[in-house]
Amino acid sequence: MAEATKSTVVRTVTEETFTLTLSADEFQYLMELLGRQTVYDGGGACGRIYDSMTEDLRTNEVTPEPNMAVKVGDRVRILEAPGAERFHGRVGTVLSVLGSHPTDLCTCSVTVEGCGTLIWATKVGPTTYTVDGTAYDLSAEYRDTSGDVWFFTGERNGAGVPLLSCRTDDDECTGWSLIRLHDFYDTLTRV
């Protein structure tokens, strides 16, 4: 049986939070219904609800990315590089490691692929992300079953899942989580 509760948080902006308790059958029905909707249906709400529902489910299904003990020669994705923000999300090779960071991410010098620029990165991460046993290369582009090409933005959602955008002028095709894209198209082919 479905049950809903509502709470309101008052700040500068009023924000409402809803909790919906569903049976397993009701949950499956809602997942299937939302999975068939396009991202812009409901002002983007369908995509946000679907992502929220799958984040918790996928926590145990997605192979967690290992903490990186970065060493010279590793291929990494640049997550933070003060003064070189335009390189965030790009891939490069570690040239030197200055020291360990509490999250096992290191401060290091990185040569950016494709341009050879040397930058200092305060945070780097892995270059792959695995969903349902499929490892996706975060530096590659992928074609969906409709023929559209998607690329990783270098950003992640609150659960740490990489975000992608489509190479179209359609604003509704930006910021999709890899899990949503994987579920929606089932087959993504590396370009």
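Applying the set (1) of a type in the set (S, T, Y); (2) over 14 Å from the mean Cα position of the chain (by Cα); (3) under 18 Å from G47 (Cα atoms) to S146 leaves exactly one unmet item: (3). The residue of the stretch 142-189 that is nearest to R75 (Cα to Cα), among those that are among the acidic types (D, E) and surrounded by fewer than 16 Cβ atoms within 10 Å (Cβ to Cβ), is E155. Report whether or not L79 is in a strand (DSSP E or B), at pLDDT below 85 and not assigned by TED's automatic domain parsing to the domain that holds Y185. For L79, the condition - in a strand (DSSP E or B), at pLDDT below 85 and not assigned by TED's automatic domain parsing to the domain that holds Y185 - is met. One residue stands out in the stretch 130-139 among those that are modelled with pLDDT of 85 or more and polar (S, T, N, Q): the one that is nearest to the chain's Cα centre (by Cα), namely T130.
Within the stretch 136-159, work out how many residues are more than 23 Å from G114 (Cα to Cα) and touching a residue at least 60 places away in the same chain (Cβ under 8 Å). Within the stretch 136-159, residues that are more than 23 Å from G114 (Cα to Cα) and touching a residue at least 60 places away in the same chain (Cβ under 8 Å) number 3.
When the stretch 90-112 is filtered for residues that are in a loop (DSSP other than H, G, I, E, B) and modelled with pLDDT under 80, the ones remaining, listed by number, are H101, P102, T103, D104, L105.
Considering (1) closer than 25 Å to G47 by Cβ; (2) among the hydroxyl-bearing types (S, T, Y); (3) in contact with an Asp or Glu (Cβ under 9 Å, 6 or more places away or on another chain); (4) at pLDDT below 90, the lone condition that T127 does not fulfil carries the number (1). If you go through the stretch 113-162 and keep only what is of a type in the set (S, T, Y) and assigned to a strand (DSSP E or B), you end up with T128, Y129, T130, T134, Y136, Y142, T153. Go through (1) more than 27 Å from R48 (Cβ to Cβ); (2) surrounded by fewer than 16 Cβ atoms within 10 Å (Cβ to Cβ); (3) among the small types (G, A, S) for A121 and report which single condition fails. It fails just one condition, (2).
The values are calculated or read from the model by the stated rules, or taken from the named source; none is laboratory data. In this text, all values refer to a predicted model and were calculated from it rather than measured experimentally. Every residue, glycine as well, gets a Cβ built from its backbone with ideal geometry; the counts of neighbours run over all protein chains shown.
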